[in-house]
Structures are given as C-alpha cells and as structure tokens.
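The values are calculated or read from the model by the stated rules, or taken from the named source; none is laboratory data. Every value quoted in this text rests on a predicted model; they were computed, and no experiment measured them. Methodologically, a virtual Cβ is constructed for each residue, glycine included, from the backbone with ideal geometry; neighbour enumeration extends over all protein chains shown.
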Amino acid sequence: MVAENGKTVMTITETLMRPGSWNLGLRGDTPDSIRTLLTYNDSSSGTLSTNPPHIVITSAPVPNYATISDASMLALSLYTGVVTSIEKSRSKIALTGSNLSWWFGNLNGAGPWPVGSSSDAFSSYFSTSSAYSFVANTVGHPRAATLLGNIILAFAMNVMTRGTITDSTTLGQVAGPVAGSFREFMDFICGQFDLEYRFNNNRSIDIGPASALFSTTPSVIVSPDTNGISGTIRGIPGEMSTKYDIGSTVSDVVAVDMGGGFGTATSTRPIITMIGTNNGSLIQRSSSDSAGNASTTAQNLMNLNTSPRATVKLDSAAQYALTRFCRPGDYVYLYDPSADIQDSTNQISFNGRPMFPIKYRVRTLTWPVEQGLNVYLRTSKPSASFFVDLTPYVVFETGGGGATDSTTSDSTRVWTSSDAAAAQTADTGGLVINGAASASARAVSVGDATRLPSGPSQATRGG
Amino acid sequence: MTLSIGWATGLRPTKFSPSYGSSISVEGTILGSSVNEFKARRQQLLGMQSNTDELFVPVVWVTDSTLDGYYAVSNVTVQRKSTTASPNGVFGLTLTPLSQAGNAAAEVTVQSVVRTNVLSIATMAPVVAYALPNTVSEDDFRFLSSLTSINRPAGDDAGALLGTIAVKTKTAAISSQTTFRTVTPASTAYVGACQIQYSPDGGATWFTWSGRQVPLTRLWRITNGHVRLTSANGATPGKLEVYDSANTRWESTSIQHSTNTSNPQAISGPGIGLGTGSSQPTISIAYNSPELVAVKCNDATREVTYSLQRGAMLVVCEWASIVSGASITFGVGPSSAVASTTVGSWGNVAASTDGQGNKPVYGYSPNTAASTVRRDVTNGWVNNNTADTKGVMMMGVVLDSAAPATGNAAADLGDQFFGLVSWSQRMVRRS
C-alpha cells in the first residue's frame, strides 16, 4: 500500500469475515538465511510442492521463538497471516498476504471443498429430497453452526480447526450455491441462519451469532478527547466524520423481471424540489433476472435508497496495538457531536463528563506495523526452526497509532435472516449482491475488490 | 505593567513585540512572592501549552487593555532565578491571537438529558447555559427557548466578589445538540470559571492548576466561584463551601464519604479524596476547562470522580468499584450529625440552617433498581441501600435557606442533579 507521499505504508487490514490484507517490508540487509526461507518451493518430501510461509505478529517479544511450539506461539499472536506474495530485490523484500481465511477461499475462489460420493457423510447434511439443500431444523438435524463445524471437523480441511460453535435459534432449509469456495459457502449459510464466523489467529474457526463471538456491549469509546480508563470503559482518542449523500436517493423504483412482470415501489419520504412545494421525482428503473420477482426487487431497492445515505467513518484512533481492545466485529462507542455522532438515548459518563455516544460496529480495522511489535516467520521446514524472527529486519511504521476505517450506511445495522431471505428470493441462484457497498457485509465477495462473483446466475445491481 | 495569561498572574513583560493580528513574543519576569508561587506560575504557564481543554486563554494587560483578548500560548520557557527575592523567575512565550485579539466569543455546545435513574425521576431543570458579564446584545441564546435566568455571584479565593453571571436553567431536556454564544472581555472571562486548585503548604496558600498534568500534592479543591469542594487533609475532614456575596465570604460545612450499612448511625467512611485520616491518594485530572473540571482518585476499593460545572451550585461525585465483581456501599454526608429532612426520593437537606444561614443538601442516584437511597435523617448522610458496583451522588448547599434565591432551593438542586448536561466551550471569532 503506497501512501500519498510515495512511501510504502506497512499496515494490516482486518475485515469482519473477509481475508483482509497485510503488507510488510524487510530491509535489503536481511540475511540470506532468511531470504532462502521466503519461498513457496518445498522439496523436502522429495516432490516439489507449494508451501506458503506465514507471519505471526506479537505485541511483545517472544524470547524462546526458536523452540516454542506452534500452538504456544499462535496463542500469543496478535495477527497470523498467510504470505501470498514475496517480492525480493537487492534493496528490499516486500511481503503481502491476508489472514488465515485465505485458506478457505483465495482470490480466485479456490479453497477446500468436502468432496465425496452420495454415500459420503457429507450428503447427510443435505435433504434427500433435493440435491445441495442444507438442512437445519428441529427434526433430526443439528443446527446450522453445528453443521458447519461438523463439516470442518469431519472433512479435515487440513488448515483450520473447529473452534467454539454456538448455534442460533434460526432454523430452516435453504438451497446452497453450486460453485465457489467453502468460505463463500459459509458466508451464504451464515447469512441464512443469523450466524457469523471468525478465523482466529490460533488456526481455529468460531461460528455463532454475533453476540456470542463479538463484544456487543462496547468496552471502548472513541472520541476526539477520551483517554485512559473510566470504570469499565477504555477511552481512545480518534477522529471521525459523518457523510451524507443523496447520490442514490430515489422516490420510486420500477423493475421488470425476466418473465415480463412489472413491479413498482414508492417512497414514503417525498422529495422537495427547488421550486418547493412540488414533489420531486427521482425514478430508478431496474430489472431482475428471475421471473416473478419484479415487485420484490423494486421494494428491496427502494428500502436501500429511500433516504439519504449516512456513512459514519472513523478516520483514526491513536492507540498502540489497537486490536488488543477492539477487533473487527466488535461494537465500540463513538462520540463527536460536531460530526453528528451522538445518541441522546444512550448516556455514559467518562471521567466525570457525560457523553451520549452511538454504538458502532467495527467491520474493518487497519493498523500499522509499528515499532514495538514483533514479527515472526512461520516456516514449515523440518530442518529449520519452526519460527524465525524477522523483527530486526522489518521496516516499521514510525507514525505510531492505529487507524480504524469502517463504512456502513447504518451504524447498527446487522444483516438479519429476513434481509438475507429478501436478497435470496430476488434471485434463486444463490449468490446475491444487494446494490451498494453498504450492504456488502453478507453479500459474497463484494468486499474483495479483486474478485467478481461467479455462479450460475447474477443478481442485478440497482442503479 | 503586569500581565495575566490564563490563570498565571503577576507576570511583568520586559520585552515584547506586539503586532496587531499576528503573534506576539513576550519575555518577562515572574513576580512570585515565594518559591511556591514561582512553582505555581511555572506550572500555569507550561500547562497552557497544547492544552486541548482550553486552547485559547484570556490575556489581560493591566495597564493597557487595548491588547486584551484571547490567545493560544506556545513556545513557553520558564527559568527560576532567585529562591528568595521577587522577581524569582523569567519566562518567554508566544501569544497567537484568535482572529484579532478582542474579536472572540465563547461558543458553547450543550446537550442535556434526564440522568438515567431507577427512582423514576423524569423531570429536571439543569443549568444549560450561562451569560458572562458582558455586553448583553452580543449574546446569542436564540436556539434555547424557555430559559429561566438566575443571577449567581461568583467570588474569588478570598471571598471578594468577582462578578455575577446569569445562569440559565431549562425544565425538560435539550435532546439535540444546541449551541449558544456568550461574549465577554478577557478581564471577566474567568468570572465563575471552574478551577482545580492545590495547596503546597497544608492549606495556607492555594494556586490554580493549568492543564491535565497530575499534581503531586494531595491537598486539592475544585471551585467555580459559587461552590467549592476541598479534599480532606489528614484528620481534617473535607469541606463543602458556598460563596455568600452579601457577606463577601466563603461559608463552609465539613463533609466526608459514608460507607455505613445501617441507619441511623454516625457517619463512617473515607474523606473527600478518599483520605483515611492519615494518608490520601493523589488525584489525576480528567478534565480542566472553565466550563467543567473533573478530578479522579482511587483507593484499593473504588475509583471516584468529582466534577463541577460552571454555574452549578452542587458538586457531583461518581464512583465505581474497581475490584472485579465486588459490590460496595458508598455515599456522602456531614462529618458531624446534622438533623435532616428528606427531599424528593433522592436526598437529605438539613432540617435547620447552620450558623451561617445555609442548609447543606446531599443526594444520591442508585445504579441498579434493587438499590434505593438510604437516608439517615438523624445524621444527614445518604448512600445506596443495596451494595452496588457504581453510583453517583451530589453535594450542594442552599444558600441563605430562609429565603433561597430562585433556583437555589433544595428541590432545585435535585432538578439540577438529575439533569445530565454535557457541554464543551471553544473560543471562536465573534464577527
């Protein structure tokens, strides 16, 4: 990632249920003993194989890194990532990658898949009445999170372990996607059953409702002038902004579907034009490629664009190793009345000052690889130490402080099963993209800028 | 000619190059009468640099008011010269005016709601605005309606009248962010302003602290010219004082915290500032601006924050248990028994006036519904009836209780306590 001044910025971006990305630079004087470990070629088994190294970042040095066990080191990890590209030159080495979810679905959508014949245990997760139907209801079937966890365990994905599984109460039966990676499959199933998942730095996957995985009661407040701890809340100083945008606002939506059906939806919020009393008309015309879905498509697009979009952006938060206190998926308090970021129904007192913050879900967190952090390379070379210390050669950020960036059209919006169902019925193909990026948390792969969705049918984007 | 910059007074510039509209470099001597005063002035000057709680401070040139105004302070250097004689130090700094020095207004953003409480109290009338001594036509309160204006005289440390500010209360919450402007010359900017003060010599002299540095001394007080809360000092209990402009003096009552678990019972508990009678923890400054001061301290059991707002006749104390899972009892009351009557569902007020014609008021707002207010009317203290992990209390005084002024009765203080007001002030260009 290159900053405006041309300097390469060493950062880690973590995104809720997405691979995120990281990049790291090593100096030109990195010794050859380490340079040779930065390779994907592994011939140790007698056959040339692809063996990606990983990085492990800790907030404090691990003195016994040369002998520590894999499990112990990963337990200390602030961030564990797979190295997906290595660029070597005389003057520097550039490493980039993403988090461990890459193993379940890389940039091309490739990942493990529980293949097997119809007699394979995997088929037992599907209804016998229709192929590829994921069943999670009370009659003789475990619930969705347990099912996913069992699949991960049973089919020994050889990368991740099954972590903590907590089921939601949502039941049902859905038709699964026919193509894509296992991560996309998990995205789809979780969207249908009000579940979320988290790839942990210790190679485990936790699956459950958001409230089971993440802090839904904030323990952090970010405000321009909060520092220290007051009661149970930690204050972190940060800058934030609200942007209002009518670029997609509509008064009416007209949709046509494949079968020639016609549907409309009208906003309950009239638009006043420059003339004043006349109701303005901003009509959006759209189409759905599923027969009979015109009305639903029209209403879904109307729901998204009926009012001005407000995007709350947290620009920066000055805190070393921010992820010790806040992870993507957690809720934090944000408060800055001059940016319209306040909620008078929510009172807290911080260091004797009353504040009325909003509750805000952090979806993406970007933080610098700064001085003080320690970086280790996790190799798989049987003849070498499992971990190698890269810290002396890393080009660290000197700016210090963390940066948080999260955009959403609704600070407290959580993708519910009804949203997923609404999206699903608009297109029975299974992979649905709902218009703008603000709803991308559950739409498959929209958050990954490098990949376009593929599948048997494409949903139509509005606007 | 002498110069006051923020809270630092007794400065004599010996070299300055004013240029109207741009920065002014000032060098001079500090006319401290003692080493303690020099140290106080040094801290006051250094503490103003990059103080985000108060970016622009009033500067008053005693013999030439044409340069009075609001300035940001930077490039501060202070050096001690003499340990005995005055002047005992030299200083240098840069003053950068806000726009043109005198062209400034205080813009205050305020928001108020009913303090969340389990006593079913849904109405309040907190102080939501104030007008400083000024040219009234410059004030702008148009965004606040239905205000009740109360004139509150503010005293200086010794008891002389500094000036009167018009404090404005509003029944019912301002639910959205509201802003008002008040304009005052720099010479009256600190009338009724909140201060954190400390004493290096056991209470003989007091100095104002600038910024958020942690003071090393342990005898402290917070004041806004109307009420003043002083920490305990060894065996001497803390004090709650009210300013009486008719007699130009501060009138005090001894108070302390209560950890009593039954009632009636003589008050028992740590002093103000969590002193044990022999030792006392240091405080840290959570916020230090003219519109609000807040100081924090903790002992092994709890963390306590004392806060005072501009224009208020009461001090608020919030506390939280710092031992995970531990619930405790914690309140406040007079150090010696004061027969009291209950007021509302939240507090006690002295049944009779004290020797100075005043009645102290103590109130409590429990955190959880299971915990109501325990009120000892024999001894006067209040605390939480059921042990809890946090709570909030207030201590105030009804001045001249035989005929309290508008907004100063015990019930009014309760209204002001249950109105939770957040505000921040910044200096802006007036025109």
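Only one of B:Ser284, B:Ser324, B:Ser336, B:Ser278 is over 23 Å from B:Gln416 (Cα atoms), out of contact with any Asp or Glu (no Cβ under 8 Å at 6 or more places or on another chain), touching a residue at least 24 places away in the same chain (Cβ under 8 Å) and within 10 Å of chain A (Cβ to nearest Cβ). Can you tell me which? It would help to see each step written out before you state the result.
On the way: B:Ser324 fails: touching a residue at least 24 places away in the same chain (Cβ under 8 Å); B:Ser336 fails: within 10 Å of chain A (Cβ to nearest Cβ); B:Ser278 fails: within 10 Å of chain A (Cβ to nearest Cβ).
Unique residue meeting the criteria: B:Ser284.
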query: When only residues in the range A:324-339 that are buried (at least 21 other Cβ atoms within 10 Å of the Cβ) and among the aliphatic types (A, V, I, L, M) count, which is nearest to A:Ile233 (Cα to Cα)?
result: A:Val332
message: Quick test for you: out of B:Leu98, B:Leu93, pick the one residue that is modelled with pLDDT of 85 or more and away from every other protein chain (no Cβ under 14 Å).
response: B:Leu93
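A:Gln299: at pLDDT 85 or above, over 30 Å from A:Pro19 (Cβ atoms) and in a strand (DSSP E or B), yes or no?
Details: at pLDDT 85 or above: yes; over 30 Å from A:Pro19 (Cβ atoms): yes; in a strand (DSSP E or B): no.
For A:Gln299, the condition - at pLDDT 85 or above, over 30 Å from A:Pro19 (Cβ atoms) and in a strand (DSSP E or B) - is not met.
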message: All but one of (1) surrounded by fewer than 16 Cβ atoms within 10 Å (Cβ to Cβ); (2) within 24 Å of the chain's Cα centre (by Cα); (3) at pLDDT 85 or above; (4) not hydroxyl-bearing (Ser, Thr, Tyr) hold for A:Arg90; state the number of the condition that does not hold.
response: (2)
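Out of A:Ser288, A:Ser307, A:Ser349, which single residue is buried (at least 22 other Cβ atoms within 10 Å of the Cβ) and at pLDDT below 85? Walk me through how you get there before you give the answer.
Working: A:Ser307 fails: buried (at least 22 other Cβ atoms within 10 Å of the Cβ); A:Ser349 fails: at pLDDT below 85.
Unique residue meeting the criteria: A:Ser288.
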- line: For B:Thr259, the lone unmet condition from (1) under 30 Å from B:Ala339 (Cβ atoms); (2) at pLDDT below 95 is (2)
message: Here's a check for you: in the range A:339-354, which residue that is among the small types (Gly, Ala, Ser) and facing chain B (nearest Cβ under 7 Å) is farthest from A:Thr13 (Cα to Cα)?
response: A:Gly352
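State all residues of the range B:340-385 that are in a loop (DSSP other than H, G, I, E, B) and either without any contact (Cβ under 8 Å) to a residue 24 or more places away in the chain or aliphatic (A, V, I, L, M) (or both); if no residue qualifies, say none.
From the range B:340-385, those in a loop (DSSP other than H, G, I, E, B) are B:344-346, B:351-358, B:367-372, B:376-381, B:385; that's our starting set.
Of everything in the range B:340-385, those that are in a loop (DSSP other than H, G, I, E, B) and either without any contact (Cβ under 8 Å) to a residue 24 or more places away in the chain or aliphatic (A, V, I, L, M) (or both) turn out to be B:Ala351, B:Ser352, B:Gly355, B:Ala369, B:Ala370, B:Val377, B:Asn385.
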task: Within the range B:394-425, track down each residue that is modelled with pLDDT of 85 or more and of a type in the set (A, V, I, L, M).
output: B:Met394, B:Met395, B:Val397, B:Val398, B:Leu399, B:Ala409, B:Ala410, B:Ala411, B:Leu413, B:Leu420, B:Val421
field: Subset of the range A:274-285 (residues that are surrounded by 12 or more Cβ atoms within 10 Å (Cβ to Cβ) and farther than 14 Å from A:Asn303 by Cα)
entry: A:Gly280, A:Leu282, A:Arg285
query: Taking interchain pairs and intrachain pairs at least six residues apart, which have beta carbon atoms under 6 angstrom, with the first residue in the range B:1-29 and within 13 Å of B:Leu45 (Cβ to Cβ) and among the β-branched types (Val, Ile, Thr) and the second surrounded by fewer than 19 Cβ atoms within 10 Å (Cβ to Cβ) and at pLDDT 90 or above?
result: B:Thr29/B:Arg12; B:Thr29/B:Val90
- request: Give the residues of the range B:122-146 that are surrounded by 18 or more Cβ atoms within 10 Å (Cβ to Cβ), modelled with pLDDT of 80 or more and either of a type in the set (D, E, K, R) or under 20 Å from B:Phe418 (Cα atoms) (or both), sorted by residue number.
  value: B:Met124, B:Ala125, B:Pro126, B:Val127, B:Val128, B:Ala129, B:Tyr130
query: Which one is farthest from A:Thr323 (Cα to Cα), of the residues in the range A:229-245 that are within 14 Å of chain B (Cβ to nearest Cβ), of a type in the set (Ser, Thr, Tyr) and in a strand (DSSP E or B)?
result: A:Thr242
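Which one is surrounded by the most Cβ atoms within 10 Å (Cβ to Cβ), of the residues in the range B:363-414 that are basic (Lys, Arg) and more than 14 Å from chain A (Cβ to nearest Cβ)?
Let us first name the residues in the range B:363-414 that are basic (Lys, Arg), namely B:374-375, B:390.
With more than 14 Å from chain A (Cβ to nearest Cβ) added as a condition, the list becomes B:374-375.
Numbers: B:Arg374: 20, B:Arg375: 26.
Top of the filtered list is B:Arg375.
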field: Subset of the range B:325-347 [more than 26 Å from B:Asn247 (Cα to Cα) and within 24 Å of the chain's Cα centre (by Cα)]
entry: B:Phe330, B:Gly331, B:Val332, B:Trp346, B:Gly347
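Residues in the range A:290-309: is at least one polar (S, T, N, Q), in contact with a helix residue (DSSP H, G or I) (Cβ under 6 Å, 6 or more places away or on another chain) and more than 30 Å from A:Phe193 (Cα to Cα)?
no
Does at least one position in the range A:355-370 carry a residue that is under 29 Å from B:Leu308 (Cβ atoms), facing chain B (nearest Cβ under 9 Å), crowded, with 18+ Cβ neighbours inside 10 Å and not hydroxyl-bearing (Ser, Thr, Tyr)? If you could, list the steps in order and put the result at the bottom.
In the first step, residues of the range A:355-370 are kept if they are under 29 Å from B:Leu308 (Cβ atoms); the result is A:355-358.
Next, from what is left, pick out any that are facing chain B (nearest Cβ under 9 Å): A:355-356.
Narrowing the set further to residues that are crowded, with 18+ Cβ neighbours inside 10 Å leaves A:355-356.
Next, from what is left, pick out any that are not hydroxyl-bearing (Ser, Thr, Tyr): A:355-356.
Yes, the range A:355-370 contains a residue that is under 29 Å from B:Leu308 (Cβ atoms), facing chain B (nearest Cβ under 9 Å), crowded, with 18+ Cβ neighbours inside 10 Å and not hydroxyl-bearing (Ser, Thr, Tyr).
Which of the residues that make up the range A:214-238 are on the phi > 0 side of the Ramachandran plot and among the aromatic types (Phe, Trp, Tyr)? Even if it seems obvious, please write down each step before you answer.
First, the residues of the range A:214-238 that are on the phi > 0 side of the Ramachandran plot: A:228, A:231.
Listed by number, the list is empty, since nothing qualifies.
Criterion first (at pLDDT below 95, out of contact with any Gly (no Cβ under 6 Å at 6 or more places or on another chain), more than 14 Å from chain A (Cβ to nearest Cβ) and buried (at least 22 other Cβ atoms within 10 Å of the Cβ)) does B:Asn358 satisfy it? I'd like the intermediate steps shown before the answer.
Numbers: at pLDDT below 95: yes; out of contact with any Gly (no Cβ under 6 Å at 6 or more places or on another chain): yes; more than 14 Å from chain A (Cβ to nearest Cβ): yes; buried (at least 22 other Cβ atoms within 10 Å of the Cβ): yes.
Considered against the rule, which asks whether it is at pLDDT below 95, out of contact with any Gly (no Cβ under 6 Å at 6 or more places or on another chain), more than 14 Å from chain A (Cβ to nearest Cβ) and buried (at least 22 other Cβ atoms within 10 Å of the Cβ), B:Asn358 comes out as yes.
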query: Applying the selection to the range B:287-296, what residues are at the interface with chain A (Cβ under 7 Å from one of its Cβ atoms) and among the hydroxyl-bearing types (Ser, Thr, Tyr)?
result: B:Tyr287
- request: Considering only residues that are part of a loop (DSSP other than H, G, I, E, B) and over 16 Å from B:Leu93 (Cβ atoms), look in the range B:33-63 and name the one that is farthest from the other protein chains (Cβ to nearest Cβ).
  value: B:Thr63
field: Extreme residue, surrounded by the most Cβ atoms within 10 Å (Cβ to Cβ), among residues of the range B:148-162 that are assigned to a strand (DSSP E or B) and more than 16 Å from the chain's Cα centre (by Cα)
entry: B:Ile150
